[in-house]
Structure formats: C-alpha cells, structure tokens
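Below is one structure; the comments refer to it alone.
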Amino acid sequence: MLTTHDNILTDRGSKYAVSGGPATNKAEALALLKTLKRQKKFAKATHNTWALLTQDGPLKNDDGEAGAGMVIVRMLERAELQNHLIIVTRWFGGTHLGGDRFRRVQDCVGYYLNTLDAQP
C-alpha cells in the first residue's frame with residue numbers, strides 16, 4: 001500500500017510531495033513507484049527520487065536529482081526503518097536550488113517519518 005502526501009513544500013517555484021510504503025526488495029520498490037506514476041501528475045514530475053533499506057543493504061535511485069537518494073538512505077538509517085520505501089517527488093519550478101535541494105529532500109522525508117510516528 002502506497003501513502004502519498006502531496007504539496008507539502010514549495011521552494012522558489014519547485015513543489016514537493018513524499019510517498020512511501022512497505023517494500024522488501026527492488027522489484028517491490030519499482031512496483032510501488034509504478035503505482036505512484038499511474039497518476040499523471042507524478043509521471044510528469046521532474047524527479048521521483050527514492051530509497052529503501054533492505055536486509056541486503058540500501059537501494060536508491062536519484063532520478064536525475066544527484067545525491068538525493070543518499071540523503072533518503074541516511075535518514076532511513078537514522079530512523080532504523082527497514083523494508084519501507086520512501087519516494088520524494090519534485091516538480092522543478094524554474095529556479096535551481098543548489099544545495100538547498102538536499103534540505104528540501106530532508107524536510108520531505110522528515111515529514112513522512114513524522115506521519116509514521118503519529119500512526120497508532
């Protein structure tokens with residue numbers, strides 16, 4: 001099951017969403033990504049960066065947002081969250097964010113992790 005939080009952050013025209021769900025391997029991660037991209041809006045996004053911690057180690061894909069997958073991996077490691085895919089989606093707004101793009105990815109992942117913590 002995939003959970004999506006849309007329009008959680010805007011920075012200089014770029015808009016962000018974060019999604020996630022249980023996954024234990026790359027095939028399951030790609031299946032969840034495919035589910036997300038069935039929504040035209042997400043299929044047309046500039047970047048769908050994702051990461052997953054498995055028993056065999058981390059899996060990640062920057063989707064053109066160089067280094068962003070590793071940011072997600074580090075946050076998953078700190079949260080000790082295995083077998084749960086997190087996808088950060090960005091729609092580019094026309095202004096390059098430089099290093100701030102990593103802070104926005106962290107903000108999105110933090111938001112998602114907080115929603116997990118809030119669940120009973």
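The values are calculated or read from the model by the stated rules, or taken from the named source; none is laboratory data. In this text the structure is predicted, and so the values were computed from the model without any measurement. Using ideal geometry, Cβ is built from the backbone for each residue, glycine included, and neighbour counts are taken over all protein chains shown. Just so you know, the surface numbers come from the protein's heavy atoms only, side chains and all, with ligands and any DNA or RNA stripped out. Shrake-Rupley method; radii C 1.70, N 1.55, O 1.52, S 1.80 Å.
Structure notes:
- When the Cα convex hull of segment 1-100 is projected onto planes of every orientation, the mean area is 6.0 nm².
- The distance between label points at residue 24 and residue 117 comes to 2.8 nm (points 7 Å beyond Cα on the Cα→Cβ vector).
- Length gained when the stretch residue 12-residue 55 is fully extended (0.36 nm per residue, less Cα-Cα span): 11.7 nm
- Rolling a 1.4 angstrom probe over segment 1-61 with all protein chains present gives an accessible area of which 50% lies on carbon and sulfur atoms.
- As a calculated quantity, the FRET efficiency between residue 34 and residue 3 at R0 = 22 Å, using C-beta atoms, amounts to about 0.90.
- Gyration tensor (alpha-carbon) shape descriptor, segment 65-120, a/c threshold 1.5: prolate
- Listed by chain and number, the lysines placed with their C-alpha closer than 20 angstrom to that of residue 40 are 15; residues fewer than eight positions away on the same chain are left out.
- Stretching the chain fully between residue 44 and residue 83 yields a gain of 11.4 nm (0.36 nm per residue, less the alpha carbon separation).
- In the chain, a dipole from Cβ-located charges (positive for Lys and Arg, negative for Asp and Glu) runs towards its positive end, and of 81, 21, 9 it is 9 whose Cα lies farthest in that direction.
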